[in-house]
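Quick note: the coordinates plus some simple rules give every number you see, no bench work behind them. Note that the coordinates shown come from a computational prediction; the quantities given were computed from them, not determined experimentally. FYI the Cβ positions are ideal-geometry reconstructions off the backbone, even for glycines, and counts take in every protein chain you see.
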Amino acid sequence: MQTVMRKPNAMQGPASTAPDRSRIFRKTRFAVNTVEDDTKNRENNSGRSQGNDMKTWSVFLLLSAVSAALQGASPDARGFIRDWLIGGAYPSYLVDGADRGFRDDPLAEKGGEANLRPYEGMRDTALFKADKSKLIAGIGSTNEWGFKEDKTFPVVWKTFTQKGESPVVTLDGRFGPIDDHMIVYAACRIESPEARKIRLRIGSDDDFKAWLNGKLVGSANSSLGVVPDNFLHDAELRRGLNVLVLKVVDRTHGSGFCLAVSDRENRPMTDLVIRTDDPAREAEKRDNLARTPDAFDNGAYALLSLAETISLAGKNTLRVTVGSEKRGSCDALLTVNFPGRPALTFRRRIEFTGRPVVWSEPVELPPGSCRAVLALTRTGDAKPFSILEKTFEIHDPAAVSKRNAELQKQRAGWLAKLKAEEKRKQELIRTGSALEQRHAAHYKMQEEAYAALRRKNRGGPEAQSIDEPLAPAPGALRRRILLNGDHWQISEGFSRDAKNNGRTPPPEEMWKPGILPRTHFNRYFRTWYYPVENANPKDPYGKVVSRRGWESFTFDETLTRQKFRARLDIDLGPDAGERSWEFVCETVNGLLKVYLNGEYCGRWEGNIGIVRIPLKGVKPGANRLELYFSDPVTEFKLTKTPQFQERFGITGDLLLESAAAGVHLRDAAVKTRFRNNTIETENELVNRTAAPAEVRLVNSCVLDGRVRFRLPEMKGTVPPGGTLTLRSTDVWNDPVLWGIGGPYGNPVLYDLVSDLYVGGKLADRSVRPFGFREFWIAGSDFFLNGRHIILQGDVGTRGLDNRKHCDVLFPLLRADGINTIRNHDGAFQSPEFFRSCDRLGMLAYANMYPVLHENGRDTPETFIPYDEFTASPRHAYNLRNYRRWFRMVRNHPSVVVLSTDNEIFTQAWDTPAKEKFNVRNDRLGALYGQYVKNLDPERVLTRNGDVGTWGFAEKYHDDPPCDTANYHYPDFNIDSYVRNWQSVFGFRPVIYGETLYYSYGAWDNWIGAIPEQVGKKAKRVAEVARLYRKLDVPGQIYMGLSHDGFVQFDDTGRGNVWGITAAQHDAGNVPGMNGYPWLRLPWPSLSGTGLKAEFTSIDVKKSGMTVFNWFDASRPSHIRNAVNEAYRAALRPMPPVSAAPDAECLVELGPGGAGRVVLAEAADNPAGQYGVMADGKGTAWLTLPRPGRYRLSAGGTTRVVDIPGRAAYAARPGFDRIMKIDWRNHR
């Protein structure tokens, strides 16, 4: 803060004067250091630190407490008050760039700052809120003090005496991390021997307000350094104690104040007594009084009270308790004054002996105000040394009786109204019940109408299901080999050798054993995923060290590299050269280049979609596959702050897939319609030869190895080196429906078996799972397979790309009413989540995110305009990702809602300065929504939070509007956005894409799942979710049950499956769990499907998802809490999820089998071969579509094995019940 002179337009408070300043300075003749001078002095003293400042502060408090609080002190010779009671700091929030502390009253709920009566040791707390609008926006939060979550600090009033020549009290460094944007209060009690007119001379950095006896006497809303006597305000002291309160608001940099008391001629008043504590309160403690005295003057106090608690006119008794700090005798004159009537007087000689003197006087009191005055005079003195007074209000009995009668009449009236309202309430209940019955009848009528429509659209006998065996396809079966595991080698080396597409292999010594798939992340996030901590807590990008209990673990820094190479040697068998091969990866976020045997095969760039790159130069037997990866920030400049690129890398399953050489099927899509009984297929064929190919295609719908329906045969010619798309539509009267259970149908999956004939010979057979179902909008409601359905969802953010996690979690969520999962954030790229939903019968709400912020250009000040953006490479990149995303999800029957963005703008961004930026972003979001809608107009589309978030409305209106309205956190605005949702959202179905936000984290100052918070959240769930149910809100996606349920943080340890108590957690010392909160995941093999994280954190304070157990077979999966019960009671009951329909086994080849491929195919009705490379221990983890008899092959040996299903144990934690096959001893 710079030292400046008083601004001419500085706001002056009441009774402000502006005398000749030179006259004041000549009279007082003192030198003053400004706050800046003090700051410079501190900075020049290299031996002092903030900690030393705090110690010095404490010493001052201790030394000054006795003298100032008990005996009192006087202003100095210049009138400056040196002894203060100081309390703080409280927050001064920035609103539209201005500090609100001058206007805000942080003590409003405690009587208000004007009525402060502080005392030494008085305690309070100050909450410094993080900007939760930014938290909800998912962009983090840094408030005025640099906090990323709410923080609460204690406020303790302490005495301080300003030493030295300068009268300026410096507030810098006094309140821990709070040094700017703060409110601090300074107070004292001025004891005056008589009533006086005074002048307060104030200097403040920055704003201030001053109150004397509760009356505002001066203020200034200006940013200045401390200039003594800068603001002059006239006021009046009464005889005895006067409470002075000064509020100082610091904006930035230095802060402090000084205050002097003078008469109206600016002469310092040095005969005043300054007390930092309330002497009446001291007397209460010293003399063991029943309450604080009513009056104190010159060392004496008095408690004055009437015997009758209700002060009615008439006879009463005035009780007097009087005491003094000094011993001795005096004359007491008690006068009771009445307006317009003679006063009552009582005289008494009293002796002060260290104990209070108590007596009573009978009084006859008239109605009105009366003032009792007790004057104490020492023998021989003409004037009283102490005058103690109190005012009483005496009530007229007749007026009280009259008022009581009026109140009784009012009460009777209100009771009559209450009775009428109760009657009206019952009528409304009956009306509501009738409407609910009509509503239910309406839905039933709609469902019957759809059933009739379906009957009307039935085809003839040819549209009926059949039951035929699936013909064998020798020589046409595909082979898929899963490459996941620890048999990869990883190197940091890379090159931009353009002549060879970036391939210059690193030296051999740079290659190290590694695992794929795996997650890479910025160095900032190392402590999020591994048991390490920052060596320097202030440097999250510096060195990390292992946490306690994990001293033997060393973090692999290659996981933070933005570029890496990977290679793998694999034996593809003697016939490999006769087949067509593709490299497949299910999730890549970045740039990927693929090489085989040193030959460049192709590249892929993006953040979502199934990667398919044809391989060149495949040889019989051994082949070397090489991958080059570069992260999206480096390659595409996707974010302005690349240091916060959290997750990227090759994170999905890696496979090699072979088909017939020449012409084969590349992709297939299936669309089904319940209402008109149709099935539509689209097959894409590719010709890798130099000649055109005449083809015939037959699509069959297969269930349990039997053909149930066959679509019409299609023919065509595939051009050389080109593609051909064949489409077919047919009526199917009686398919088994895919649904979520109950009346919607069970999650039955068919296989679309596509047989491709080339030259009259079966050349290729492709198998694609699908479910027959239809999901649509009717009016403002959703229907699934002809049945009305409410989407009751959970926002899943952790573990959804893990099959086992879903197997254990989904049944628990369904038991509490959840039928939909929104895959927000981490799992949105993974097809494994959708496969889990397909298998178990959970609806999926798929999310995608565009890239709108280009590195260095897209800020509210410098953003690329809409027209320019839509012509940019970034826009083309987004469109490619949307196409890939759509193709990834289109065949999954569980996917019923597509969301093309999330909170394009929120209240965090909704400021006038960002208006144009927000409009551009919202226009782009609408454009991408329409683009995806055009890919399949029958899909239900939404845009998360597009209508608004937490009270803020959309900036750009879609034309045509999106299928659904999507609003986040309507529970903050129930009257505006819930009770009348149909009319508010234009009679479109509304989806509350996020509601009832997680209650144990940042929004709640990381309070954790303490019992009180769990109970509070359960109560709120009961209120809001019941209302949604009553109002038939079509889409309710909670954020949510998986976070707030399944946990309680307490001293019993019974709130989590690990038995960890709050005390153990806080101490970081859990018996039998030395490395708490980290656990190493007990994978049975590093081969098999899915990304296999090495560690997980089970922090029992955070949320249900952090303590949820899906991996430890020795413990239960979960502990229910009150939130679980609240959701179960409030949501509509749902049918249970289906049991897992698939199968698995572990084939143990032994150490010599590491890297060997184990192939499996169904023995009774083969549809293709599925292979897995064994991990470093020689174990191959096979996941198969259904239980049954399989032909397994490895190392030239083939065996037929019956593999049981997972249904009996899939929903239980752990891997102990997986079938193990010892290949060396199995017969």
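Amide H to amide H distances under 5 Å link S1087 with D1175, W1181, where only residues 5 or more positions off or on other chains count and H is placed in the peptide plane. Principal axis extents of the Cα atoms in the chain, from largest to smallest and rounded to whole angstrom, are 134, 78, 62.
When peptides 1175-1186, 1010-1021, 835-846 are sorted by average Cβ neighbour count within 10 Å, with the highest value leading, the order is 835-846, 1175-1186, 1010-1021.
Taking a ≥ b ≥ c as the square roots of the eigenvalues of the Cα gyration tensor, an a/c ratio of 1.5 or more together with a/b no larger than b/c marks segment 761-804 as oblate.
Our summary gives the chain a relative contact order of 8 percent, counting only alpha carbon pairs under 8 angstrom and 6 or more residues apart. Rg/Rh, computed from the Cα trace of segment 404-452 with Rh as the Kirkwood radius, has the value 1.51.
Which value, in debye to the nearest 20, gives the size of the charge dipole of the chain about its Cα centre, when Lys and Arg are +1 and Asp and Glu are -1 at the Cβ? All intermediate terms of the calculation are to be shown ahead of the outcome.
Working: 169 positive and 149 negative charges, 256 e Å.
With Lys and Arg at +1 and Asp and Glu at -1, about 1240 debye.
Among the chymotrypsin sites (Phe, Trp or Tyr not before Pro) within segment 963-1002, those in coil by DSSP and having at most 14 neighbouring Cβ atoms inside 10 Å are F987. Taking +1 at the Cβ of each Lys and Arg and -1 at the Cβ of each Asp and Glu, which of V795, G1188, G1075 sits farthest along the dipole of the chain towards its positive end, judged by Cα position relative to the Cα centre? My answer, from the dipole projection, is V795.
Counting only pairs 8 or more residues apart or on different chains, how many lysine pairs in segment 404-452 have their Cα atoms under 25 Å apart? Kindly include the intermediate steps, with their values, before the conclusion.
Values: K409/K417; K409/K419; K409/K423; K409/K425; K417/K425.
Lysine pairs meeting the criterion: 5.
For segment 985-1118, the equivalent ellipsoid derived from the alpha-carbon gyration tensor has semi-axes of 32, 21, 11 Å in decreasing order. Taking θ as phi - 60° and the Karplus parameters 6.51, -1.76 and 1.60, the scalar couplings of segment 718-731 work out to 8, x, x, x, x, 10, 9, 10, 10, 10, 8, 9, 8, 8 Hz in sequence order, x denoting glycine and proline.
In this structure, the amide hydrogen of D229, modeled 1.01 Å from its nitrogen in the peptide plane, lies closer than 5 angstrom to those of I202, G203, counting only residues at least 5 positions away or on a different chain.
Assign one of three labels to segment 1143-1222, namely rounded, prolate or oblate, based on the Cα gyration tensor with a ≥ b ≥ c the square roots of its eigenvalues; rounded applies when a/c is under 1.5, prolate when it is not and a/b is larger than b/c, and oblate otherwise. It would help to have the intermediate numbers written out before the result.
Working: a/c = 2.12, a/b = 1.13, b/c = 1.89.
Judged from the Cα gyration tensor, segment 1143-1222 comes out oblate (a/c at least 1.5, b/c at or above a/b).
Just check segment 958-1028 against the gyration tensor rule for me: Cα atoms, a ≥ b ≥ c as the square roots of the eigenvalues, rounded for a/c under 1.5, and otherwise prolate or oblate depending on whether a/b exceeds b/c. Here segment 958-1028 falls in the prolate category. Coupling constants for segment 350-359 follow from the phi torsions by the Karplus curve (6.51 cos²θ - 1.76 cosθ + 1.60, θ = phi - 60°), and in residue order they are 10, 10, 8, 10, x, 10, x, 9, 10, 7 Hz; glycine and proline get x.
Take the Cα gyration tensor of segment 432-569, multiply each eigenvalue by 5, square-root it, and list the three semi-axes largest first, rounded to whole angstrom. Each step should come with its number before you reach the end.
Working: eigenvalues 635, 218, 50 Å².
Taking √(5λ) for each Cα gyration eigenvalue gives 56, 33, 16 Å.
Here the 3J(HN,Hα) profile of segment 1084-1093, calculated from phi with Karplus coefficients 6.51, -1.76 and 1.60 at θ = phi - 60°, is x, 6, 8, 8, x, 6, x, 6, 10, 4 Hz, Gly and Pro shown as x.
Would you mind counting up the charge near L1086? Only other residues with Cβ under 14 Å from its Cβ, with Lys and Arg at +1 and Asp and Glu at -1.
After counting each charged neighbour, the total is -1.
Amide H contacts for S305 (H built 1.01 Å from N in the peptide plane; partners 5 or more residues away or on another chain; cut-off under 5 Å): R319. For the pair E551 and E406, label points projected 7 Å from Cα toward Cβ lie 8.1 nm apart. Projecting the alpha carbon convex hull of segment 171-241 along each direction and taking the average yields 5.4 nm².
Which of the trypsin sites (Lys or Arg not before Pro) found in segment 139-227 are in a DSSP loop and have at most 16 neighbouring Cβ atoms, other than their own, within 10 Å? It would help to have the intermediate numbers written out before the result.
Details: sites: K148, K151, K158, K163, R174, R189, R196, K197, R199, R201, K209, K215; in loops: K148, K163, R174.
Counting only loop positions with at most 16 other Cβ atoms within 10 Å, the trypsin sites (Lys or Arg not before Pro) in segment 139-227 are K148, K163.
Note on the chain: helix-only mean residue ellipticity at 222 nm, from DSSP H runs of 4+ residues weighted -39500 (n - 2.57) and normalised by residue number, equals -6000 deg cm²/dmol. Given K158/K326; K285/K315; K110/K151, which pairs have Cα atoms separated by over 24 Å? Distance filter (> 24 Å) returns K158/K326; K285/K315. Rounded to the nearest 20 debye, the dipole magnitude of segment 1143-1222 is 100 debye, with +1 charges on Lys and Arg beta carbons, -1 on Asp and Glu beta carbons, and the Cα centre as origin.
Please state the equivalent ellipsoid semi-axes for segment 506-606: what are the square roots of 5 times the Cα gyration tensor eigenvalues, largest first, in whole Å?
On the way: eigenvalues 251, 48, 30 Å².
With the √(5λ) rule applied to segment 506-606, the semi-axes are 35, 16, 12 Å.
Placing unit charges on the Cβ atoms of the charged side chains and taking the dipole of the chain about its Cα centre, the candidate lying farthest along the positive direction among Q1048, G323, P614 is G323.
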